[in-house]
């Protein structure tokens, strides 16, 4: 018999949605609209496109194994030393590498109910225990999270803003739990994948204090506002010791050459990012207004998606929307009465609202 960690058996694998073409084939529909994966409906910067076209000419050679030029660009963008940066195949890989670096059997990770579900999978794959503290009104309860920590707690993980709820923690609460983690020698991971979309006045990035806390790691992604999710590109920022260990643990050549070129160019086009964010906020405001008219409850969001409470189950509502060519995300588990609706172009948003109205009418 093989000997393996029992936690691996207990993992519930992450289930992405079906490919759009497969959904259309099964249902006999065309021109469906995918609003399920929090993708950027406006694509990516023309500068990234030009960079990708240049990079593909060199696709016959290995990429720079240390992603030096991309890390240098990130260093310049944030005005931080290059040695404090690790780049990954999406921020998911960065998170996984950090967890593999820190966790061992017998340790635990503390996070929250409604946190990004991949956190639990990553933790279990490291043979560690994942503790999800009950949320309060869909928000993380940082003070209960502190109480849930024990002598075996190695990491506290918070995605802020949070996916799938769209909620956030204000800066003072993030600082409270960060200080608690430092005092108790616990690594604190702040996942800021959706930071570009934040409008809350009392939100601040943890980049403000990254150089003052040795136990802090911040992750960012190019998948959302930058529109490069198909290339899988993200990065982590932390103290040199943790980042140095992460470089030892990550796979060689973990970021492909096209992604590296595209990421550099993306950071140079902040005007594009601002347009994406403006369009997204316009879409959010429109969807808020229409959902109120329909009478559906929703959670105010700091991301590029809205968590909507629907009649019946989210899965049933999802299936009915498919008949109208609208693909959303049924959240499941303790949010089984909800769907997550990605904000699309205004035309896509209007079609989604029309379909929701039809489903409710029956």
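A short reminder: the numbers here are calculations on the coordinates, not readings from a lab. This structure is a prediction, so every number in the text was calculated from the model and none was measured. For neighbour counting, all protein chains shown are included, and Cβ atoms are generated from backbone atoms with ideal geometry for every residue, glycine included.
In terms of its C-alpha gyration tensor, segment 106-180 has an oblate overall shape, because the principal axis ratio a/c (a ≥ b ≥ c, square roots of the eigenvalues) is not below 1.5 and a/b does not outweigh b/c. The Rg/Rh ratio of segment 313-362, with both radii computed over alpha carbons and Rh defined as the Kirkwood radius, is 0.96. Calculated from the structure, Rg and Dmax of the Cα atoms in Å equals which of (i) 19.7, 56; (ii) 22.9, 72; (iii) 20.5, 60? It is the one labelled (iii). Using C-alpha pairs under 8 Å with a sequence gap of at least 6, the mean separation divided by the residue count of the chain gives a relative contact order of 24 percent.
Of all beta bridges DSSP finds with both residues in the chain, what is the antiparallel percent, to the nearest 5? Walk me through the numbers before you get to the answer.
Numbers: 20 of 39 bridges.
Counting only bridges with both partners in the chain, antiparallel ones make up about 50 percent.
How much length, in nm to one decimal, is gained on full extension between residue 241 and residue 68, taken as 0.36 nm per residue of separation minus their Cα-Cα distance? Spell out each step's value before the answer.
Details: separation 173, 0.36 × 173 = 62.28 nm, distance 1.79 nm.
My answer for the length gained is 60.5 nm.
Once you sort the root eigenvalues of the Cα gyration tensor of segment 29-137 as a ≥ b ≥ c, which label holds: rounded (a/c under 1.5), prolate (a/b larger than b/c) or oblate (the other case)? Please report the intermediate quantities before stating the final value.
Working: a/c = 2.16, a/b = 1.32, b/c = 1.63.
The shape class here is oblate.
Taking label points 7 Å from Cα along the Cα-to-Cβ direction, residue 293 and residue 118 give a separation of 3.6 nm. The residues 158, 299, when put in order of fewest to most other Cβ atoms within 10 Å, stand as 299, 158. The relative contact order of segment 124-217 comes to 27 percent, based on Cα pairs under 8 Å that sit 6 or more residues apart. Comparing mean-square fluctuations of 295, 227, 332 from a GNM of the chain with C-alpha springs under 10 Å, the top value falls on 295. In this rough spin-label picture, where each label sits 7 Å from Cα along the Cβ direction, the residue 60-residue 270 distance is 3.9 nm.
Please arrange 104, 232 by counting, for each residue, the other beta carbons lying within 10 Å of its beta carbon, fewest first.
On the way: 104 11, 232 19.
Taking fewest neighbouring Cβ atoms as first place, the list is 104, 232.
Among 56, 186, 74, which one shows the highest mean-square fluctuation when the chain is modelled as a Gaussian network with alpha-carbon springs under 10 Å? Among 56, 186, 74, the largest GNM mean-square fluctuation belongs to 56. If you run the Gaussian network model on the chain, springs between alpha carbon atoms under 10 Å, then out of 120, 73, 34 the most flexible one is 73. For segment 233-362, taking the reciprocal of the average inverse distance between every pair of different Cα atoms yields a Kirkwood hydrodynamic radius of 17.4 Å. Separation of segment 283-336 and segment 198-226 by C-alpha centroid, Å? Centre-to-centre distance over Cα atoms comes out at 27 Å.
Helix-only arithmetic for the chain: the sum of -39500 (n - 2.57) across DSSP H runs with n ≥ 4, divided by the residue total, places the mean residue ellipticity at 222 nm at -12000 deg cm²/dmol. Restricting the calculation to Cα atoms, every distinct pair contributes to the Kirkwood radius of segment 163-317, found to be 17.9 Å.
Once you have a ≥ b ≥ c as the square roots of the Cα gyration tensor eigenvalues for segment 101-247, tell me rounded if a/c is under 1.5, and otherwise prolate or oblate according to whether a/b is larger than b/c. The partial results should precede the final answer.
Details: a/c = 1.29, a/b = 1.14, b/c = 1.13.
Rounded, since a/c falls under 1.5.
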